[in-house]
Amino acid sequence: MSATEQSRTIQLSPWQRKVAGLVQSVDELNTLVLAGGRGGGKSILMIWLIGYFALISGDSFNGVLIRRDLAGLSKLEDLLFKQIPTLMPGSKYFKAKRQWRLSNGGTLKLIHMDAGDAFNKIQGEDLSHIFWDELGQEADPQVVLRARSSMRTTDPTVIPKFIATANPLGPGSWWIRDYIVTKQLPNRIFNCEFFGAQPAVWVKSTLRDNPFLSNPDQYEQELRASCFGDESKIAAELLGEWGQITAGFFGSCLSIERSMLPGDFQIPWTLDGDGVLRNESRGRYCWVGGDWGTASPACVVLMAEVQEGMWVGERHIPRGSWVVVDEEYVCSIQPDGSREWNRGDRSLTAPQFVARVRDLYARHGMVFRSIDKRRVVMDSAVTAQLGFGGYTDPVTLSSEFSKYGWEVTGSPKSSRAVGWQLMKSLLWQAGSDGPGLFISERCESLWQTLPYCISDERNPEDMEKAAPDHSADAVRYVLTAAQQGQHQYRTPYHSRMTSVY
């Protein structure tokens, strides 16, 4: 090997050598997730690992390198073109197919995974190794699990490997955090239930672990500036922290200290116009927001308008504030009991969902008629015609729900961005003298998903639609409907009746 060729080989940093040593010493390791901040050298290490496993696996090496965006894949393509001919002279790259035929008999495909079609491109193949760059770009982990289902080999000396890089802020950061990062401390091997109880490990890095950066101080300042002063986003991008509650679309507007109320919060009970306190009037100032889905989660949130200022412990809730009191959230469940916040339950039916909503009402002493249907606001898709049960009987999701006693209204047409801005403003005002948005501790889905909702790259004023935004959407529907004033009708107290539903 010439001096020029030697200069082109990857020189590992101390952090990269430590991780490489772990991989080399633990043969049974199935999954490695390089999870940390920006600039730590994760992608470079993955390129090195591709070369390493290609060398030791010989003609049994059948690997794929996957990345969602084409620009990122092109960068990795360039790095591989510098490394593979040096490590394995005689290897050939077919650019049209994005495929390497290695001189030792192995193969490596580069896949631009767009619109969730990665599995279609590898279905039926026996993959010894999967390398996935920027795993957090995948909002739905099902895409990743399907790709992993092709990890198999007939060579008993080769153990299939899944190696990925990930940053804390991305559409898929919620499931990486819940199923991998929070299950074990970094650098400790554990059996990951999410990946079929296979041995897995995640490691963390920051830009300070990369001594090859020519000016790390300047790079750090550039990163800080790009975060616009959001300390939690700075912690995520610089320090690789995964537990920052305020990072993401809602930024510093979202705060546990300002917005979280105890789980036993009770809906304020007000007198009727004749001065009588009636049980059937509990829902007079309540709203319900909902988002239906089976492929994606289905949820409803119970919200209350605060008519008079009140104190909850030492926290003052001003008049005009909103409180998200309770929720029902239906999503898929992993074998270890973990909830998949962005995947629905495909076995869910309309009567099952309505039964769960009825339980939500009952927990707060209400029945369906306690809240007028004009204030039960769901995605406008519930009113879309699915067919006809007769000439005057259009079939919609709302009509399906009504069969089981629950009447709903489609959300008003409005700008998503305007609705999000209203929600942000109320979250920011929580804890001040102005009306704010407060969320009960009981609303687990909101507290679990709001931090992982991120901005749409094409429209920063809107939220990324692949984010786990189902509960957030339900809240937005209510706030938007109330703001427009078209859903304010309330049944007079003297005509209210207790319903059997």
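Points worth noting:
- Against the chain, whose longest principal axis comes from its Cα atoms, helix 70-87 is set at around 20 degrees.
- Here Q24 and Q221 are evaluated by their C-beta separation; at R0 = 25 Å the FRET efficiency comes out at 0.10.
- Cα gyration tensor shape for segment 440-481, rounded if a/c is under 1.5, else prolate or oblate: oblate
- Spacing of the modelled spin labels on I56 and F212, each 7 Å from Cα toward Cβ, amounts to 2.0 nm.
- Take the Cβ atoms of Q307 and E193, set R0 to 51 Å, and the FRET efficiency comes out at 0.65.
- In nm, spacing of pseudo-spin labels at T182 and S414 (7 Å Cα→C-beta vector): 3.1 nm
- With a simple spin-label model that places each label point 7 Å from the Cα along the Cα-to-Cβ direction, the separation between Q99 and D336 comes to 3.7 nm.
- DSSP-assigned coil residues among trypsin sites (Lys or Arg not before Pro) in segment 152-185, each with at most 16 further Cβ atoms within 10 Å: R152
- Rounded to 10°, Cα long-axis angle of helix 470-484 versus longest principal axis of the chain: 40 degrees
- Global form of segment 3-209, assessed from the alpha-carbon gyration tensor, a/c cut-off 1.5: rounded
- Helix 350-363 and the longest principal axis of the C-alpha atoms of the chain enclose an angle of approximately 60°.
Here, each number is a calculation from the coordinates, and none is a lab measurement. Computed from a predicted structure; not experimentally measured. Every residue, glycine as well, gets a Cβ built from its backbone with ideal geometry; the counts of neighbours run over all protein chains shown.
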